[in-house]
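**Q** Take this structure, written in structure tokens, and hold onto it; I'll ask about it next.
What follows is calculated from the coordinates using simple rules that are stated; it is not laboratory data. Here the structure is a predicted model, which means the values were calculated and not measured. Cβ atoms come from the backbone with ideal geometry, glycine included; neighbour counts cover every protein chain shown.
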Amino acid sequence: MTKKQRSKKKNSTNTSNEARTASRPWFLKRAIPEIRLISGLKAGVFEASRDKLAIFTGSAGETMKMGARFAKKLKKGDVVCLAGELGAGKTTFTKGLAKGLGINKMITSPTFVIMREYPLGPGRGKFCHIDLYRISENDFLTSGLDQYMNENNICVVEWPEKINGILPKNRIDIRVFTGKDNSRKFEVITHDSRD
Ligand SMILES: Nc1ncnc2c1ncn2[C@@H]1O[C@H](COP(=O)(O)OP(=O)(O)O)[C@@H](O)[C@H]1O
Ligand SMILES: [Mg+2]
């Protein structure tokens, strides 16, 4: 068997679920074999449609790992909106994203400073972690922080509903739902096409 055939066989085993057709969501496409490896049976990714999927995790550690995997698919200019109640796991997921982007610094919640920025390296812009829990859309605009959502940076916004009116159209929306026994569901909706 050639290397190509082996890889084809491996992929078909990993994605044998009938629902996974050629039009898989962009994150699922490559991530599923890795996710199974890193998190056993507890975590998983399920598709609903081309641009909608759900990530299930059973612990904060799994959420971070999922975040790190997810980050590999992010590109400059992306805005990831993380909605969900206090303690849902938005910051935990963000920590994973940062790790996946190669940021080794400790990510702490920016609730009191609204925004923390982390350089991603030469020519790669910044990773901006914005937490709008304490401010309004108007305060956000007057603070000038909206300037950080540009084509050079990758931004994560917690409590994005606070600035609904100024969120970019092409964004990734994630809503976090809290379940029993540390389980969480991250519902991901993408508004642009990805490969
Ligand atoms: N599956 C899970 N995913 C994320 N966090 C979890 C999970 N299970 C338990 N937790 C805990 O829930 C809390 C989430 O906090 P945090 O990420 O700061 O939430 P948020 O930013 O949404 O307010 C943390 O204490 C974390 O350890
Ligand atoms: Mg938070």
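**Q** Please list, by residue number, everything in segment 69-112 whose backbone N is under 15 Å from a paramagnetic label point 7 Å out along Cα→Cβ of residue 192.
**A** Within reach of a label on residue 192, which here means backbone N under 15 Å from a point 7 Å along Cα→Cβ, segment 69-112 contributes 73-81.
**Q** Hey, another quick one. With θ set to phi - 60°, apply the Karplus curve 6.51 cos²θ - 1.76 cosθ + 1.60 along segment 113-123 and write out the HN-Hα couplings as whole Hz, x wherever there is a Gly or Pro.
**A** 10, 6, 9, 10, 10, 10, x, 9, x, x, x
**Q** While we're looking at this one, here's another question. Could you line up 95, 169 from fewest to most neighbouring Cβ atoms inside 10 Å?
**A** Fewest-to-most Cβ neighbours within 10 Å comes out as 169, 95.
**Q** If you rank 132, 82 by fewest surrounding Cβ atoms within 10 Å, what's the result?
**A** The order, fewest Cβ neighbours first, is 132, 82.
**Q** Based on alpha-carbon positions alone, could you give the equivalent ellipsoid semi-axes of segment 97-195 from the gyration tensor, as √(5λ), descending, whole Å?
**A** Working through the eigenvalues yields semi-axes of 20, 19, 16 Å.
**Q** What list do you get for 112, 93 if you sort them by fewest beta carbons within 10 Å?
**A** 112, 93
**Q** Per residue of segment 180-192, in order, report the coupling 6.51 cos²θ - 1.76 cosθ + 1.60 (Karplus, θ = phi - 60°) as ³J(HN,Hα) in whole Hz, putting x for Gly and Pro.
**A** Here the 3J(HN,Hα) series is 6, 6, 6, 7, 9, 10, 10, 8, 10, 10, 9, 10, 10 Hz.
**Q** While we're on this one: For a quick check: with amide H placed at 1.01 Å from N, whose amide H comes under 5 Å from residue 84's, ignoring anything fewer than 5 positions away on the same chain?
**A** 159, 176
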